[in-house]
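Student: This is the structure I want to talk about, given as structure tokens.
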Amino acid sequence: MKGVYNCSDVTDGTECVTNSYPEFTVTPNQKTRFRLINGGSHAQFYFSVDNHTLDVVEADSTVVSGASSIHRVPFHNGQRYSVIIDASVGSEGDAFWLRGEM
């Protein structure tokens with residue numbers, strides 16, 4: 001399971017954190033831009049946000065149009081994308097998973 005660590009393996013007195021999922025807080029009812037970079041060296045990734053569509057506005061530093069309301073963005077080694085997520089979906093305080101799948 002991602003983000004889970006066996007704290008019994010820590011023997012030097014270091015604080016152990018068992019859930020290390022990153023959190024992003026966005027302003028409700030506003031749009032938020034995420035800049036995606038695939039810094040990998042082998043495989044394509046797919047980025048998505050549960051219950052949301054993505055509007056791609058930039059690819060490799062070039063403004064794009066036409067790619068709106070897609071469910072996931074595929075991007076390969078070294079590619080960069082900017083996507084807009086509309087935070088008017090759901091209610092204030094809701095949480096949604098961001099997914100980066102290979």
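Student: Of the accessible area of the chain, with the probe set at 1.4 angstrom, what percent is carbon plus sulfur?
Tutor: 49 percent
Student: Which FRET efficiency, nearest 0.05, do Asn77 and Glu101 yield, Cβ-Cβ r, R0 25 Å?
Tutor: Once the sixth-power term is evaluated, E becomes 0.95.
Student: Solvent-accessible area per residue for segment 3-102 at a 1.4 Å probe radius, Å²?
Tutor: 72 Å²
Student: Taking 0.36 nm per residue of separation and subtracting the Cα-Cα distance, what length does fully extending Ser91 through Asp12 add?
Tutor: 24.1 nm
Student: What net charge do the residues around Asn29 carry, taking every other residue with its C-beta under 14 Å from that of Asn29, with Lys and Arg at +1 and Asp and Glu at -1?
Tutor: -2
Student: What is the sum of charges around Arg80, taking Lys and Arg as +1, Asp and Glu as -1, for the other residues whose C-beta is under 14 Å from the C-beta of Arg80?
Tutor: Neighbour charge sum, excluding Arg80 itself: 0.
Student: Can you tell me how much longer the chain between Thr62 and Gln44 gets when fully stretched, taken as 0.36 nm per residue apart minus their C-alpha distance, in nm with one decimal?
Tutor: 4.5 nm
Student: I've got another one for you. Note down the net charge around Gly66, summing +1 for each Lys or Arg and -1 for each Asp or Glu among other residues with Cβ under 14 Å from its Cβ.
Tutor: So the environment of Gly66 carries a net charge of -2.
The values are calculated or read from the model by the stated rules, or taken from the named source; none is laboratory data. Values in this document were obtained by computation on a predicted structure and should not be read as measured data. All Cβ positions, even for glycine, are placed from backbone atoms using ideal geometry, and neighbour counts span all protein chains on display. For the accessible areas, the whole protein counts, side chains as well, though only heavy atoms, and no ligand, DNA or RNA atoms are used. Shrake-Rupley method; radii C 1.70, N 1.55, O 1.52, S 1.80 Å.
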